[in-house]
Amino acid sequence: MDLVCDSLSVTESEIWAVLSVETRAFGFLPDRRPLILFERHVFHRLTQGRHSAVHPEISNATPGGYLGGAAEYKRLARPSRSTARRRSRARHGASAR
């Protein structure tokens with residue numbers, strides 16, 4: 001814990017406060033992946049909302065739509081897969097969808 005606190009320049013009580021609020025006291029899934037929340041409103045802001053009309057579940061000006069647990073990784077993977085498909089099509093001269 002000292003290494004974590006030192007590297008983040010925070011106290012142990014601050015680490016525990018974040019863990020207890022953000023992860024319900026344990027920050028990992030049973031398969032040892034860290035708990036995450038895909039924040040669709042942040043994605044919307046970072047992409048200027050260009051995905052919101054077609055994919056409001058992952059891009060929306062309004063926070064929410066959380067699935068929780070491992071399902072959040074599926075939400076995270078959706079924009080990654082879409083970006084990879086567009087890049088592949090662009091490399092091969094096909095139109096991006």
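The values are calculated or read from the model by the stated rules, or taken from the named source; none is laboratory data. Worth saying up front: this structure is predicted, and the values here are computed from it rather than measured. Note that each Cβ is placed from the backbone with ideal geometry, even for glycine, and that neighbours are counted across all protein chains shown.
Annotation note: Cβ proximity below 8 Å between a residue of segment 32-56 that is over 21 Å from Gly68 (Cα atoms) and a residue that is of a type in the set (Val, Ile, Thr) and crowded, with 18+ Cβ neighbours inside 10 Å (sequence gap 6+ or interchain) occurs for His51/Ile58.
Okay, residues lined up against (1) within 15 Å of the chain's Cα centre (by Cα); (2) part of a loop (DSSP other than H, G, I, E, B); (3) surrounded by 10 or more Cβ atoms within 10 Å (Cβ to Cβ); (4) modelled with pLDDT of 95 or more:
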{"residue": "His44", "(1), (2), (3), (4)": "yes, no, yes, yes"}
{"residue": "Gln48", "(1), (2), (3), (4)": "no, yes, no, yes"}
{"residue": "Asn60", "(1), (2), (3), (4)": "yes, yes, yes, yes"}
{"residue": "Gly65", "(1), (2), (3), (4)": "yes, yes, yes, no"}
{"residue": "Pro79", "(1), (2), (3), (4)": "yes, no, yes, no"}
{"residue": "Gly93", "(1), (2), (3), (4)": "no, yes, no, no"}
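Which residues, counting only those in segment 23-42, are surrounded by fewer than 12 Cβ atoms within 10 Å (Cβ to Cβ) and within 15 Å of the chain's Cα centre (by Cα)? Phe28, Pro34 - these are the residues of segment 23-42 that are surrounded by fewer than 12 Cβ atoms within 10 Å (Cβ to Cβ) and within 15 Å of the chain's Cα centre (by Cα). Look at Val54 and say whether it is exposed (fewer than 15 other Cβ atoms within 10 Å of the Cβ), outside any loop (DSSP other than H, G, I, E, B) and at negative phi. No; evaluated as a whole, the condition is false for this residue.
Applying a threshold of 8 Å to beta carbon distances and a minimum spacing of six or more residues, or different chains, the list of pairs starting in segment 4-16 at a residue that is surrounded by 10 or more Cβ atoms within 10 Å (Cβ to Cβ) and ending at one that is not in a helix (DSSP H, G or I) reads Cys5/Thr11; Glu12/Met1; Ile15/Met1.
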